[in-house]
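One structure below.
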Amino acid sequence: MESIPQAVVRINPSDPTAFTQVLALPDMDVTALERTADPPPLTLYCRVRPQPVACPRCGACATAVHQYHRRLIRDHAWAGTPTYLRLTRRRLRCGAGARVFLEPCAAVAPWATITRRYAAYLVDCCRDTSLAAVARREAVGYKLVEGLYYAAATARYPGGPPAVPVTALGVDEIAARKGRGDFKLVVVNLVTGAVIEQLAARDKATVRAYFATGPPELRAQVQEVTADFWAAYHEVAAEFFPQARRTGDRFHVPKQVNEALNQTRIAERRGRPAAERAELGELRGAVLRNGADLNADDQAWVRDAGQVYPALGVAYDLKERLRRMYEAAASRQGAAVRLGWWVKKARASGLKAFEKLANFMERWWDTILNYFVERRTNGRVEGCNNKIKLIKRRAYGFTNDSHFRLRVLMECDGT
């Protein structure tokens with residue numbers, strides 16, 4: 001063991017406070033340094049800088065020292081070396097009530113075994129990794145990291161709608177346990193990409209209860225709410241954000257067109273010879289892809305297949321016309337003209353799947369066309385959902401909904 005009782009003087013004799021300044025804890029003085037071969041490799045002997053202290057109960061100034069309290073405190077690593085503070089604090093006696101209390105120290109919470117800045121560092125380290133991984137790397141207890149992390153998360157996200165204005169909201173659900181019907185509702189700020197809240201369920205009552213707690217003046221600043229075509233989302237948006245545009249997510253419209261096209265392809269296979277059924281099976285990938293993404297051979301194949309299987313050719317043409325409408329329409333008015341023409345063609349096609357889709361388009365007419373005002377999608381929400389799935393896998397699932405929510409809010413804060 002190497003002991004340096006006069007470490008400060010030896011490091012910089014011209015400035016005895018040099019090591020104290022390096023420590024960067026204004027209410028502490030470094031008195032010595034000790035380095036050992038075994039952990040802890042670096043120990044700084046510190047004391048709280050003496051100053052008048054008021055009794056926490058009566059407020060009288062206490063100066064009488066009852067005894068000295070010494071505690072080993074974990075601090076930030078120095079140059080990759082784990083560092084501990086051997087902190088000395090005074091126990092003072094209040095003259096008015098003869099009570100004994102511990103001298104306060106801003107850098108260390110009462111009875112804590114780590115500094116506040118090291119606690120903040122541990123919380124920051126938990127980003128993009130698991131709590132257990134941080135505990136192993138820092139050689140601290142898992143319960144310590146877990147307690148610090150969720151205490152910080154609870155203080156940062158106490159619950160309820162955000163206290164800052166949000167102009168565009170994205171709403172979507174994610175399965176907490178796949179195949180179990182356990183869905184969580186995710187609310188995202190579409191401007192910053194931050195998850196605002198994760199609700200325990202996606203039913204209408206839960207969504208209403210959440211938005212009802214928000215201040216009316218903040219709700220009035222929401223200009224657009226984007227969601228899929230789950231009716232409950234749009235009904236709640238109309239109730240709490242009547243001034244906002246309710247936009248149907250662009251992704252879900254082409255998705256339904258693709259599903260209608262695939263149903264038509266499957267219907268075409270029925271009753272045909274084995275060779276034609278096999279060809280229609282092979283065509284699935286080509287007809288469901290965007291026409292612009294097909295190479296020349298695939299384009300020719302799909303075009304020829306449309307002549308052999310007329311229903312499939314009509315369905316593919318309708319799918320491609322809708323895709324081009326989404327890409328080419330420059331305004332809501334122009335999109336309304338193109339979509340109206342498309343609905344008529346879908347009804348006249350004689351294809352049951354597309355007739356049903358035309359009814360869907362008319363039912364959600366304004367919601368679909370609102371996309372062409374700002375062309376805002378739920379892409380940021382889908383990105384957050386992918387990150388939430390990664391968080392869930394990294395933790396091997398969550399049995400505590402509160403911890404799951406806090407973990408998501410801390411990780412998906414838009415940074």
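Here is how the numbers come out for the structure above:
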{"quantity": "With eigenvalues of the C-alpha gyration tensor scaled by 5 and rooted, the chain, Å", "calculated": "65, 26, 18"}
{"quantity": "Order of D203, D293 under a 10 Å beta carbon neighbour criterion, fewest first", "calculated": "D293, D203"}
{"quantity": "Cut-off under 5 Å, modelled amide H: who pairs with H66 long-range", "calculated": "R91, L92, R93"}
{"quantity": "Highest-fluctuation residue, V337, V22, V207 considered, GNM on the chain with Cα pairs under 10 Å", "calculated": "V22"}
{"quantity": "FRET efficiency, 1/(1 + (r/R0)^6) with R0 41 Å, evaluated for N290 and A231 via beta carbons", "calculated": "0.90"}
{"quantity": "Spin-label zone in region 164-194 - amide nitrogen under 17 Å from a point set 7 Å from the Cα of R332 along the C-beta vector", "calculated": "168-169"}
{"quantity": "Between 0 and 90°, nearest 10: helix 252-269 axis offset from the chain longest Cα axis", "calculated": "50 degrees"}
{"quantity": "Region 340-386-region 101-141 distance, computed between alpha-carbon centres (Å)", "calculated": "51 Å"}
{"quantity": "Semi-axis lengths (Å, descending) of the ellipsoid that matches the C-alpha gyration tensor of region 307-373", "calculated": "22, 14, 8"}
{"quantity": "Among G340, G285, G159, residue whose mean-square fluctuation peaks in a GNM of the chain (springs only between Cα atoms under 10 Å)", "calculated": "G285"}
{"quantity": "Angle in degrees between helix 296-308 and the longest Cα principal axis of the chain, rounded to the nearest 10", "calculated": "40 degrees"}
{"quantity": "Cα-Cα over 23 Å, subset of K319/K389; K184/K387; K204/K392; K319/K344; K143/K178; K255/K392", "calculated": "K319/K389; K204/K392; K143/K178; K255/K392"}
{"quantity": "Rounded, prolate or oblate (a/c below 1.5 giving rounded, otherwise prolate when a/b exceeds b/c) for region 366-415 by Cα gyration tensor", "calculated": "prolate"}
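Bear in mind that the values in this text are calculations on the coordinates, not laboratory data. Model, not experiment: these values are computed from the prediction. Positions of Cβ are backbone-derived with ideal geometry, glycine not excepted, and every protein chain shown enters the neighbour counts.
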